[in-house]
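Undergrad: Handing you a structure now.
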Amino acid sequence: MVPLVSMKGITKVYADGTVALRGVTFELAEGEVHALLGENGAGKTTLMRILYGELRPTAGEIFVRGQSVAFRSPQEAMRRGIAMVHQNFSLVPSFTVADNLYLAVTSVKPMRRGEVEGRARELGARLGIEVPLEARVEQLSAGMKQRAEILKSLLLDAKIIILDEPTSLLTPLEARALLGLIKELKAQQVSFVYVTHKLREVKEVADRVTVLRKGANVGTFQVSEVSEAEMAKLMVGAEVERVRRSRSGAPGEVLLEVEDLAARDDMGVERLKGVTLSVRRGEVVGIAGVQGSGQKELAEILAGLRRPERGKVRLGGVDVTGRSPREMRRAGVLYSPESREEGLALEMSLVENSVLARQGEHASGVTMNWKSAEERARQIVERFRVVFTDLWERARNLSGGNQQRLMVGRELESEGLLLIAHEPTQGLDVVSAEKVRGEILRFRERGAVLLISSDLDEVLELSDRIVVLFEGRVVGELKGGESDLERLAKLMGGAL
Amino acid sequence: MVEAELWLFVLISSLSYMTPILLATIGEIITERSGIVNVGIEGILLSSAFASVATSFFSGSMLLGVLAGTLAGALLGALFGLFAVYLRADQIIAGLAINMASYGFTVLGLIAIWGHHGASPRVEGQLPYFSIGQSTVPLLTLLAILIAVLSWFFLFRTRTGLALRACGEEPRAADAMGVNTYRYRIAATTLGGTLAGLGGAFLALEIAGVFTRGMSAGMGFIALANVAFSGWNPLPAVFGAYVFGFLSAAADALQQEVGYAYLLKTLPYLGTLAITVLTARRSRAPLRLGVPYARE
Ligand SMILES: Nc1ncnc2c1ncn2[C@@H]1O[C@H](COP(=O)(O)OP(=O)(O)O)[C@@H](O)[C@H]1O
Ligand SMILES: [Mg+2]
C-alpha cells in the first residue's frame with residue numbers, strides 16, 4: 001500500500017550553517033498515529049516544518065499519496081490536507097478565535113464568515129471540542145488554544161495533523177483529554193504525527209514511532225514491540241545514568257519565608273493572590289503549577305525584579321520585601337530565570353556574561369580585571385561543559401542548550417544561600433539535564449533551592465517538598481520522592 | 001465681530017492644514033498595522049511635494065502635479081518596503097535615510113531646475129474646491145476624509161484588512177495560516193507611501209503654491225504622533241489631524257494678528273508633545289511593530 005506521506009533523504013542546512021537534518025526518511029501510514037521521538041535539537045520540528053511547507057529542504061523528496069510534492073508555503077500543504085499545530089501555537093493572540101479560524105480557512109478556500117463560524121460550532125459540538133469563538137485568543141488557556149488549533153485543522157479538512165510537542169503547555173488533565181481526542185479522530189481516518197520527547201506519551205498514544213537523533217533517523221518501530229528503555233537508549237545514544245536523590249538529613253532553620261504575597265503581572269492581571277510558604281536550609285522545594293499560576297511572579301519578587309502588592313518576604317529572618325535585585329543578590333539570592341533572554345545579555349560575550357551582576361568581584365577600582373573575569377568564565381564553561389569557539393564570542397552564537405548551561409552555571413558558581421531555579425533544564429539534552437539536576441541537589445549543602453519547573457518528573461524527583469500553585473494560590477503541598485504524579489496532576493488542575 | 005469671523009476662518013482653513021497630516025497618518029497606520037514602522041514619511045511628504053511642483057511647473061497641469069506627487073510617494077514607499085521587508089534593514093535607519101536623502105535631493109533639484117536654493121517659483125492654477133459661504137474647502141480634503149472611512153472599513157471589516165493586521169500582530173502565525181507576510185507588508189508600505197505622497201502634493205500645490213526647502217517642516221513626525229494618538233485607527237485620526245491642523249492654522253492666523261511669529265509657530269509641535277505624553281499609555285501598538293520577519 002502506498003504510504004500517505006513519504007519523506008526521503010531529507011537534509012536541511014539552515015542559513016547560519018546549522019545542519020539540522022542529515023538524510024532523514026520518514027513515513028506516515030493512513031490512519032495511524034506516528035510518534036516522532038527525539039531530544040531537544042534532534043530536528044523534529046525542522047522535519048515537520050518541511051512537511052508543512054514552512055521550510056524548504058536543502059535536499060530530499062516528499063511524496064503525498066505517492067505523488068511528488070514541493071510545497072512553497074503552508075497554504076499549499078493545507079490544500080493537500082496537511083495541518084500543523086505548533087508547539088507555541090500559531091494564532092494571532094489579539095484576535096478572536098473566530099477571526100483566526102476565518103483567516104486560516106479562507107486562505108485555502110473562499111468561505112463566508114458566517115459559514116466558517118457555523119461549521120466550527122457544529123464540528124466543535126460533534127467532537128466535544130467547543131471553543132468560545134468570540135473570545136480573544138490571548139485570554140484562553142493553553143488547552144483551549146490547542147483545541148482552537150485542532151478545530152482550525154479540521155475546518156481545513158486536514159487528513160494529516162502534525163502535533164508538535166502538544167502536551168508541553170497543558171495541564172495533565174488537558175493532556176489526557178487531548179489523547180482522547182486523538183483516538184476519536186483517528187477512528188475518523190485522520191492520521192497524526194505526534195512529535196514529542198516524552199517516552200510515556202509514545203507508549204500511550206502512538207502506533208509506530210520514529211526516533212531521531214542529531215538529525216538522523218535511528219529507527220522506526222511498532223510501539224508495541226519496543227520498550228521505553230530501548231527508545232531512551234536510541235534517543236540519547238547511550239544509557240542514561242539518572243541522578244538518584246540521596247535523602248538529605250533533617251532540614252535546618254527556616255531560610256526563606258513568604259507571607260501572604262500578592263502581585264500582578266506586566267499586563268496588570270492579578271497573578272499571586274496571597275501565597276505563603278517557607279523554605280528551610282538543606283531543602284529543595286519544588287513549585288508546581290500550570291503556566292501562569294503565579295510562579296513567574298513569585299520568582300521575580302524573590303529576585304527583586306517585581307514589587308509585591310502586599311505581603312512579606314523574609315530571608316534569614318530579615319524583612320527584604322521590595323528590595324532591589326542588587327540587594328537581593330547581596331542577601332544571597334541566586335536567580336536563573338525561565339527565559340535566556342532575561343538571564344543573559346545575548347549580545348555580550350561569554351566572559352562578560354559570566355561576571356554579569358558580579359562585576360565588582362572582578363574589578364580593581366573602576367577598571368575591570370578581564371583576566372580574572374576570563375578565569376571565572378573558564379571555570380563555568382568547564383564545569384558545565386559549555387561548547388563554544390571563543391570565550392569572547394557573543395552568547396547569541398551559542399546553541400540554546402549551551403546558553404542554558406552558561407546561565408545556570410553562572411548562578412551555581414556564585415556565592416549564595418538561596419537558588420531560585422526556573423526551568424533550569426529547559427532545552428538541555430538528557431545527559432546535561434541530569435548533570436544540572438545533580439548540581440541542584442548538591443546546592444542543598446550550601447543553602448536551599450526553590451525549583452520551579454514544568455517538568456513534573458523533575459519536580460517529583462528533586463524536591464523534598466512540592467508546593468502546588470493554582471491561579472495564584474497554594475492549593476496543596478506534597479512530599480517529594482513519593483512519585484504521586486496522579487495527585488500532583490489533579491492539584492495542578494485545581495481539583496482539591 | 002471681526003473676532004468671530006477670524007475664528008470661523010481658522011476653523012475652516014484648519015481643514016486644509018489637516019489634509020496632508022491626515023493622509024500621511026492614514027498611510028502610516030496602514031503601514032504600522034502590517035508591522036512596519038516608516039519614519040521616512042516626513043521625507044516622502046517632502047519628495048512628493050517637490051515632484052508635484054516640478055511636474056505642474058513643466059506641464060502646466062495641477063492634476064498632473066498631484067499624480068506625480070502621489071507616484072513619487074508610492075515609489076518611495078515601495079523602496080522603503082524593499083529594504084525593510086525583504087532586506088530586513090533596520091526600519092528606523094532606513095526611514096531616517098529617506099528623510100535625509102529627500103532633503104538633499106530636493107534642494108539639489110531646486111538648484112538644478114530653478115537655480116535657486118530657497119524656493120521654486122509659484123505654480124499657477126487651482127485644484128478643485130467647493131465653497132462654504134465665503135470660504136472654500138478643497139475637494140482633496142473631502143477625499144482624505146473619505147479615504148479615512150474607507151481605510152477603517154478596509155482594516156476592520158474586510159478579510160484582507162484582517163490578514164494585514166495579523167502580519168503586524170504575529171507574522172509567524174499569519175504565515176502559518178497561509179497569509180503571505182512579505183507581500184502584505186510591502187503592499188502596506190507602498191500604499192502608505194502613496195497616501196503620504198498625495199498629502200505631499202496637497203501641501204505644495206494647495207497650501208503653499210510653491211516648493212520651499214524643508215517645507216514638510218515636521219508634518220511627517222506630527223503624523224507619526226497622530227498614529228499613536230488615534231490608537232492605530234483611521235477614524236480618530238481624522239480628529240487628531242484636525243486638532244493639529246487647527247493649531248497650525250491658528251498659529252498662522254494669530255501671527256498675522258499679533259506678531260510673536262516664531263513663538264506661535266511652535267504651537268503644533270507643542271501640541272504634538274502634549275498629546276504624545278497624554279496618550280502614551282492609552283493605546284497598544286501592533287505587537288510586532290518594527291520587527292523584521294524571517295521564515296527560517
Ligand atoms: N531557524 C533556525 N536557524 C538556525 N538553526 C535552527 C533554526 N531552527 C532550528 N535550528 C537548529 O536546528 C536543530 C534542530 O532544531 P529543531 O528542529 O527545532 O529540533 P527539535 O524540534 O527536535 O527540538 C537545532 O540544532 C537547532 O538549534
Ligand atoms: Mg521542536
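The values are calculated or read from the model by the stated rules, or taken from the named source; none is laboratory data. What you are looking at is a predicted structure, and each value in this text was computed from that prediction instead of being measured. Neighbour counts are summed over all protein chains in view; Cβ atoms, including those assigned to glycine, are modelled from backbone coordinates with ideal geometry.
Undergrad: If you take the residues of segment A:151-180 that are within 14 Å of chain B (Cβ to nearest Cβ) and among the β-branched types (Val, Ile, Thr), which of them is nearest to ligand 1 (Cβ to nearest atom)?
TA: A:Ile162
Undergrad: Among the residues of segment A:12-41, what is the count of those that are within 12 Å of ligand 1 (Cβ to nearest atom) and polar (S, T, N, Q)?
TA: Here the count works out to 2.
Undergrad: Still on this structure, I have one more. Of the residues that make up segment A:175-192, is at least one out of contact with any strand residue (DSSP E or B) (no Cβ under 8 Å at 6 or more places or on another chain) and of a type in the set (S, T, N, Q)?
TA: Yes: segment A:175-192 contains one or more residues that are out of contact with any strand residue (DSSP E or B) (no Cβ under 8 Å at 6 or more places or on another chain) and of a type in the set (S, T, N, Q).
Undergrad: Quick test for you: out of A:Glu230, A:Glu225, A:Glu138, A:Glu174, pick the one residue that is away from ligand 2 (no atom under 16 Å from the Cβ) and touching a helix residue (DSSP H, G or I) at 6+ places or on another chain (Cβ under 7 Å).
TA: Result of the check over A:Glu230, A:Glu225, A:Glu138, A:Glu174: A:Glu174.
Undergrad: Now, a different point. For segment B:14-29, indicate whether the set of residues that are out of contact with any strand residue (DSSP E or B) (no Cβ under 8 Å at 6 or more places or on another chain) and without any contact (Cβ under 8 Å) to a residue 12 or more places away in the chain is non-empty. I'd like the intermediate steps shown before the answer.
TA: To start, the set of residues in segment B:14-29 that are out of contact with any strand residue (DSSP E or B) (no Cβ under 8 Å at 6 or more places or on another chain) comprises B:14, B:17-18, B:20-29.
Adding the requirement that they be without any contact (Cβ under 8 Å) to a residue 12 or more places away in the chain leaves none.
The answer is no; no qualifying residue exists.
Undergrad: Another question, then. Can you tell me how many residues in segment B:194-222 are in contact with a Ser or Thr (Cβ under 8 Å, 6 or more places away or on another chain) and part of a helix (DSSP H, G or I)?
TA: 15
Undergrad: Go through segment A:299-342 residue by residue and tally those that are exposed (fewer than 13 other Cβ atoms within 10 Å of the Cβ), within 26 Å of the chain's Cα centre (by Cα) and outside any helix (DSSP H, G or I).
TA: 1
Undergrad: Only one of these is more than 14 Å from chain A (Cβ to nearest Cβ), modelled with pLDDT of 95 or more and surrounded by fewer than 24 Cβ atoms within 10 Å (Cβ to Cβ): B:Ala187, B:Ala251, B:Ala208, B:Ala201. Name it.
TA: So the residue among B:Ala187, B:Ala251, B:Ala208, B:Ala201 that is more than 14 Å from chain A (Cβ to nearest Cβ), modelled with pLDDT of 95 or more and surrounded by fewer than 24 Cβ atoms within 10 Å (Cβ to Cβ) is B:Ala187.
Undergrad: Which members of segment A:59-101 meet the condition of being within 7 Å of chain B (Cβ to nearest Cβ) and over 25 Å from the mean Cα position of the chain (by Cα)?
TA: Passing the criteria: A:Ser73, A:Gln75, A:Met78, A:Asp99.
Undergrad: Moving to a separate point now. Exactly one condition in (1) within 16 Å of ligand 1 (Cβ to nearest atom); (2) surrounded by fewer than 20 Cβ atoms within 10 Å (Cβ to Cβ); (3) not in a strand (DSSP E or B) is false for A:Gly60; which is it?
TA: With respect to (1) within 16 Å of ligand 1 (Cβ to nearest atom); (2) surrounded by fewer than 20 Cβ atoms within 10 Å (Cβ to Cβ); (3) not in a strand (DSSP E or B), A:Gly60 is out only on (3).
Undergrad: Can you find a residue in segment A:212-221 that is within 16 Å of ligand 2 (Cβ to nearest atom), surrounded by fewer than 20 Cβ atoms within 10 Å (Cβ to Cβ) and part of a loop (DSSP other than H, G, I, E, B)?
TA: yes
Undergrad: Continuing with this model, one more query. What helices (runs of 4 or more DSSP H) completely inside segment B:223-296 contain at least 2 residues that are among the charged types (D, E, K, R)?
TA: Where helices (runs of 4 or more DSSP H) fall fully within segment B:223-296 and carry at least 2 residues being among the charged types (D, E, K, R), they are B:234-258.
Undergrad: Could you pull out the residue among A:Leu55, A:Leu47 that is at pLDDT below 95, of a type in the set (A, V, I, L, M, F, W, C), in contact with a strand residue (DSSP E or B) (Cβ under 9 Å, 6 or more places away or on another chain) and near ligand 1 (Cβ under 10 Å from one of its atoms)?
TA: Numbers: A:Leu47 fails: at pLDDT below 95.
Testing whether each residue is at pLDDT below 95, of a type in the set (A, V, I, L, M, F, W, C), in contact with a strand residue (DSSP E or B) (Cβ under 9 Å, 6 or more places away or on another chain) and near ligand 1 (Cβ under 10 Å from one of its atoms) leaves just A:Leu55.
Undergrad: Taking segment B:157-184 only, how many residues are touching a Pro at 6+ places or on another chain (Cβ under 6 Å) and more than 10 Å from chain A (Cβ to nearest Cβ)?
TA: 1
Undergrad: Could you check, for segment A:422-445, whether at least one of its residues is closer than 13 Å to A:Ser354 by Cβ and not in a loop (DSSP other than H, G, I, E, B)?
TA: No, segment A:422-445 contains no residue that is closer than 13 Å to A:Ser354 by Cβ and not in a loop (DSSP other than H, G, I, E, B).
Undergrad: For a quick check of your reading of the model, give me the residue pairs whose first member lies in segment A:426-437 and is closer than 13 Å to A:Gly41 by Cα, whose second is assigned to a helix (DSSP H, G or I), with beta-carbon atoms closer than 6 Å and at least 6 apart or on different chains.
TA: A:Gly427/A:Gly400; A:Gly427/A:Gly401; A:Gly427/A:Gln404; A:Leu428/A:Gly401; A:Leu428/A:Gln404; A:Val430/A:Val236
Undergrad: For the list (1) within 16 Å of ligand 2 (Cβ to nearest atom); (2) in contact with an Asp or Glu (Cβ under 7 Å, 6 or more places away or on another chain); (3) farther than 24 Å from A:Asn402 by Cβ, I need the number of the one condition that A:Pro74 fails.
TA: Of (1) within 16 Å of ligand 2 (Cβ to nearest atom); (2) in contact with an Asp or Glu (Cβ under 7 Å, 6 or more places away or on another chain); (3) farther than 24 Å from A:Asn402 by Cβ, only one is false for A:Pro74: (1).
Undergrad: Please find, among A:Glu184, A:Glu201, the residue that is part of a helix (DSSP H, G or I), within 16 Å of ligand 2 (Cβ to nearest atom) and at pLDDT 85 or above.
TA: A:Glu201
Undergrad: When you go through (1) of a type outside the set (S, T, N, Q); (2) touching a Phe, Trp or Tyr at 6+ places or on another chain (Cβ under 6 Å); (3) farther than 18 Å from B:Ala173 by Cα one by one for A:Val64, which number turns out not to apply?
TA: (2)
Undergrad: Just to be sure I understand, how many residues within segment B:40-98 are of a type in the set (Phe, Trp, Tyr) and closer than 10 Å to B:Gly200 by Cα?
TA: Residues meeting the conditions: 1.
Undergrad: Let me ask another. Name the single residue that is nearest to ligand 2 (Cβ to nearest atom) among those in segment A:1-42 being within 14 Å of another protein chain (Cβ to nearest Cβ) and under 22 Å from the mean Cα position of the chain (by Cα).
TA: A:Ala20
Undergrad: Further, regarding this structure: For segment B:100-120, does any single residue satisfy the condition of being in contact with a strand residue (DSSP E or B) (Cβ under 9 Å, 6 or more places away or on another chain), at pLDDT below 95, within 14 Å of another protein chain (Cβ to nearest Cβ) and buried (at least 18 other Cβ atoms within 10 Å of the Cβ)?
TA: No: zero hits.
Undergrad: Return yes or no: is A:Leu185 away from ligand 1 (no atom under 15 Å from the Cβ) and closer than 26 Å to A:Gly41 by Cβ?
TA: no
Residues are listed down the side, and each one gets a yes or a no for (1) on the phi > 0 side of the Ramachandran plot; (2) assigned to a loop (DSSP other than H, G, I, E, B); (3) in the same structural domain as A:Val430 (by TED's automatic domain parsing):
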{"residue": "A:Asp16", "(1), (2), (3)": "no, yes, no"}
{"residue": "A:Gly31", "(1), (2), (3)": "yes, yes, no"}
{"residue": "A:Glu39", "(1), (2), (3)": "no, yes, no"}
{"residue": "A:Thr45", "(1), (2), (3)": "no, no, no"}
{"residue": "A:Arg49", "(1), (2), (3)": "no, no, no"}
{"residue": "A:Gly53", "(1), (2), (3)": "yes, yes, no"}
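Undergrad: Looking at (1) in a helix (DSSP H, G or I); (2) within 25 Å of B:Ser47 (Cβ to Cβ); (3) more than 19 Å from the chain's Cα centre (by Cα); (4) away from chain A (no Cβ under 14 Å), find the lone condition where B:Phe153 falls short.
TA: (2)
Undergrad: Restricting the search to segment A:135-153, which residues are in contact (Cβ under 8 Å) with a residue 40 or more places away in the chain and in a helix (DSSP H, G or I)?
TA: A:Val137, A:Glu138, A:Ala142, A:Lys145, A:Gln146, A:Ala148, A:Glu149, A:Ile150, A:Leu151, A:Lys152, A:Ser153
Undergrad: Would you call B:Gly220 of a type in the set (Gly, Ala, Ser), away from chain A (no Cβ under 14 Å) and under 18 Å from B:Ile92 (Cβ atoms)?
TA: yes
Undergrad: Now for a separate question. Return the only residue of B:Gly220, B:Gly231 being modelled with pLDDT of 90 or more, crowded, with 17+ Cβ neighbours inside 10 Å and not polar (S, T, N, Q). Steps first, answer last, please.
TA: Working: B:Gly231 fails: crowded, with 17+ Cβ neighbours inside 10 Å.
None of the others qualify; the one that does is B:Gly220.
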